[in-house]
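The values are calculated or read from the model by the stated rules, or taken from the named source; none is laboratory data. Quantities reported herein were computed from a predicted structural model and do not represent experimental measurements. Using ideal geometry, Cβ is built from the backbone for each residue, glycine included, and neighbour counts are taken over all protein chains shown.
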Amino acid sequence: MEFLIISGLSGAGKSRAADMLEDLDYYCVDNMPIVLIPKFAQLCMAANDRYDRVALVTDIRERASFEELFIVLDGLWELGCDYRILFMEAEPAVIVKRYKETRRRHPLAAPGMTIEQAIDNEIKLLAPMRERADYIINTSHTTLGELQGEIYRLFVGNDAKQKLMVNVMSFGYKYGIPIESDLVFDVRFLPNPFYVVELREMCGLDEPVREFVFQSPETKEFVAKLEDLVKFLLPRYVEEGKLSLTISIGCTGGRHRSVAVAKALSDYISSIGYSSQNINRDIGK
């Protein structure tokens, strides 16, 4: 079981990191009392791999000493539970700005104390945790996309390509563009099997229709260029930390041309090592 402790400065992005880890199939718990951590770990380990990836957010809100936390964490080793620590931090000036924007109260704020003083106290209190951290991420000048990419790099690594699910969806423009689309391509310029009587009642998954669509030089050239574009884009989406991508291919009715092209593109994406599924939204209409 992977057991990750997320800690760090208030306002540095711990909750954001937990949300991103949750997208990577981690079971995340925010601000669990320290005394409950060993029992929680035992329950997870006894759950027959149901909770094989767990992340706990613990920080200054717990109010307990970190010496107590370290005693608890050392007890996890005795249980056979390996753990790592992710520490989130940011420059004090950046944290001050974030608190002013959100208008939230710093957990260490007290009457007569400035936000800067509260942050300085927190840095001192969390110094032992930072020293024991396996990973440290500074979010001072990091966008959400960059943070997600860093989380991805640390906790997915070489499996990142497999984590991106590419949905290739065919649709008919007469029924509207799918609202979940990230990329939309129009193939209404290709030869239309609808006007061939023996092909009209078939669909783009039938071999006669597929042959008709792909016998056109325009189709072959378009699909080749589309494959080159997708091959260029997918690694960039992986670096950004994107987990799902929907590519929509549209023709007039969503039954012939778009179905044939979407199937070919989905097969190509699978052939270069990405997870892909082919969805034909309007094929039965």
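List of remarks:
- Residue that is in a strand (DSSP E or B), in the same structural domain as V94 (by TED's automatic domain parsing) and either modelled with pLDDT under 95 or within 30 Å of the chain's Cα centre (by Cα) (or both), where the choices are I137, I119, I123: I137
- The listed residue being under 30 Å from I151 (Cα atoms), outside the structural domain of D25 (by TED's automatic domain parsing) and buried (at least 21 other Cβ atoms within 10 Å of the Cβ), out of L183, L190, L245, L229: L245
- For region 254-275, a tally of residues being crowded, with 21+ Cβ neighbours inside 10 Å and not in a helix (DSSP H, G or I) returns 4.
- Any hit, region 56-77, residues being of a type in the set (G, A, S) and within 24 Å of L24 (Cβ to Cβ): no
- A residue that is part of a helix (DSSP H, G or I) and over 32 Å from the mean Cα position of the chain (by Cα) can be found somewhere in region 78-85.
- Residue match in region 142-164 (condition: outside any helix (DSSP H, G or I) and more than 28 Å from A90 (Cα to Cα)): yes
- Considering (1) at pLDDT below 85; (2) in contact with a Gly (Cβ under 6 Å, 6 or more places away or on another chain), the lone condition that G75 does not fulfil carries the number (2).
- Among (1) more than 26 Å from F3 (Cα to Cα); (2) not in a helix (DSSP H, G or I); (3) not hydroxyl-bearing (S, T, Y) - the single one E221 does not satisfy: (2)
- Scanning region 103-153 for residues that are surrounded by fewer than 16 Cβ atoms within 10 Å (Cβ to Cβ), among the aliphatic types (A, V, I, L, M) and in contact with a strand residue (DSSP E or B) (Cβ under 9 Å, 6 or more places away or on another chain) gives I123, I136.
- Answer from V187, V213 - the residue that is among the hydrophobic types (A, V, I, L, M, F, W, C), within 19 Å of I279 (Cβ to Cβ) and in contact (Cβ under 8 Å) with a residue 60 or more places away in the chain: V187
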